[in-house]
Amino acid sequence: MRIANRFRSRSAASSVVAAALALVGIQAAGTTAVAAPKQAPSVVTCTAANTALTVTEVTRPVNHLLLKATNTGTKPCYAYSAPYLRAGADAQAPLAWAQETTPQAVVTLKPGQSAYAGILTYSPDGEGGGNEKTLGVILADKNGGTAGQEKTLKLPKGGVFFNSAATVTYWQDNAADALSW
């Protein structure tokens with residue numbers, strides 16, 4: 001009799017455990033299907049094709065412009081490093097990147113968000129120069145190469161003076177940081 005009682009007790013205990021597991025979504029024969037967690041939207045590289053680019057003159061600091069890139073795509077995008085800028089149609093090389101402005105992390109733009117880069121157009125320490133009417137912009141990829149096609153922007157006031165000291169900051173997540181160097 002004792003063996004029969006033990007068997008019934010174990011059988012009852014198994015039924016209780018199975019019922020409890022069923023309540024929390026696990027069946028005795030296996031696990032139930034669980035919906036896959038939502039994946040975060042994939043992040044792409046910001047290019048001229050998925051961002052709107054504008055350049056404006058600022059009152060302070062002097063000799064500066066502000067470049068703004070706004071994500072117009074449907075996915076977040078990374079604004080890597082700094083933009084490659086060509087001051088004028090005949091520029092032989094891009095403006096230097098201001099290394100001291102390297103941010104802690106890559107700037108990520110959700111759709112509708114913007115990144116900013118400050119442009120020092122000239123300095124008394126620079127040499128030569130001229131009044132340029134356009135600014136060619138190519139965004140960088142994660143390896144420091146170019147991403148996408150160049151976009152040509154018209155510079156304010158029909159032209160801006162650039163000399164050999166012209167530099168551009170790395171992308172920042174706000175205009176104040178882009179213009180604080």
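The values are calculated or read from the model by the stated rules, or taken from the named source; none is laboratory data. Because the structure is predicted, anything quoted here is derived from the model rather than measured. Note that we place each Cβ from the backbone using ideal geometry, even for glycine, and neighbour counts take in every protein chain shown. The area values use the complete protein model at the heavy-atom level, side chains included, leaving out ligands, DNA and RNA. Shrake-Rupley method; radii C 1.70, N 1.55, O 1.52, S 1.80 Å.
Of the residues making up the stretch 104-125, those that are under 24 Å from residue 59 (Cα atoms), out of contact with any Leu (no Cβ under 8 Å at 6 or more places or on another chain) and either open to solvent by 40 Å² or more (accessible area, probe 1.4 Å) or assigned to a strand (DSSP E or B) (or both) are 113, 114, 120, 122, 124, 125. Within the stretch 170-181, the set of residues being in a loop (DSSP other than H, G, I, E, B) and modelled with pLDDT of 95 or more comprises 170, 171, 173, 174, 179. A single entry from 87, 52, 91, 69 fulfils the requirement of being among the aliphatic types (A, V, I, L, M), under 20 Å from residue 156 (Cβ atoms) and in contact with an Asp or Glu (Cβ under 6 Å, 6 or more places away or on another chain): 87. Set side by side, the residues 96, 87 differ, and just one is surrounded by 12 or more Cβ atoms within 10 Å (Cβ to Cβ) and closer than 18 Å to residue 145 by Cβ, which is 96.
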